Amino acid sequence: MNFVSKDIITLLELSLNVFNEGENLFINYYPDIPDFIVSVFDTEGKAPEVLLDGTKGIEFQNFQVRIRDKNNAYCEAIAFDIYQYLHGMNNFETENYYYYYIQANHSPAFLEKDEKGRSVYVLNFNCIRKNK
């Protein structure tokens, strides 16, 4: 079993070619440096189904993606790239899970300028998956 965030950063790292885990792509961690980062956080979802035989069925998971950079236009562009890539993904597999779909809860949203003047955008997603 693994957190959704692990699967999401693997997808981002393999597909968008601007991310490297531990350098500018993080799981449940939001470091002060470097300026350009993408962090994926596991957020509260629903309890998984429990089948009659006691096994767990479908999982209803949520996650958040935060994008930060000094260049607001670049930060916004990356947020939209992530949104366009993840929103609507369906019927795919990772190492341990089958994903029915990933759906954005909203389009990229400007959250704030942090104390160092860096722009922060946020995306929230939900997904349905099942252990293989």
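Evaluated against (1) surrounded by fewer than 16 Cβ atoms within 10 Å (Cβ to Cβ); (2) modelled with pLDDT of 95 or more; (3) under 16 Å from residue 128 (Cα atoms); (4) not polar (S, T, N, Q), residue 106 falls short on exactly one condition, (3).
If a residue has to be free of Cβ contacts under 8 Å to residues at least 40 places away in the same chain and at negative phi to count, how many in region 44-62 make the cut?
So the first thing to find is which residues in region 44-62 are free of Cβ contacts under 8 Å to residues at least 40 places away in the same chain, and the list is 44, 46-55.
Imposing the further condition that a residue be at negative phi reduces the set to 44, 46-53, 55.
Matching residues across region 44-62 total 10.
In region 84-113, what count of residues is obtained for those that are in contact with a Lys or Arg (Cβ under 7 Å, 6 or more places away or on another chain) and not in a strand (DSSP E or B)? So the count comes out to 1. In region 9-23 there is no residue matching the filter, namely being in contact with a Phe, Trp or Tyr (Cβ under 7 Å, 6 or more places away or on another chain) and among the aromatic types (Phe, Trp, Tyr).
Among the candidates 80, 26, 19, 41, the residue that is touching a residue at least 12 places away in the same chain (Cβ under 8 Å), in contact with a helix residue (DSSP H, G or I) (Cβ under 9 Å, 6 or more places away or on another chain), of a type outside the set (Ser, Thr, Tyr) and not in a strand (DSSP E or B) is uniquely 19. Scanning region 1-15 for residues that are of a type in the set (S, T, N, Q) and either surrounded by fewer than 20 Cβ atoms within 10 Å (Cβ to Cβ) or outside any helix (DSSP H, G or I) (or both) yields 2, 10, 15. In the set 93, 49, only one residue is exposed (fewer than 15 other Cβ atoms within 10 Å of the Cβ) and closer than 19 Å to residue 16 by Cα; that residue is 93. Taken together, the criteria exclude residue 65 from residues that are free of Cβ contacts under 8 Å to residues at least 40 places away in the same chain, aliphatic (A, V, I, L, M), within 18 Å of residue 125 (Cα to Cα) and surrounded by 12 or more Cβ atoms within 10 Å (Cβ to Cβ). Does region 6-18 contain any residue that is modelled with pLDDT of 95 or more and closer than 22 Å to residue 117 by Cα? No, the conditions are met nowhere in region 6-18.
Taken as a whole, the condition of being over 27 Å from residue 132 (Cα atoms) and without any contact (Cβ under 8 Å) to a residue 24 or more places away in the chain does not apply to residue 91.
The values are calculated or read from the model by the stated rules, or taken from the named source; none is laboratory data. Predicted model, so just to flag it, every value in this text is computed and none were measured. No Cβ is skipped: glycine too gets one built from the backbone with ideal geometry, and neighbour counts run over all protein chains shown.
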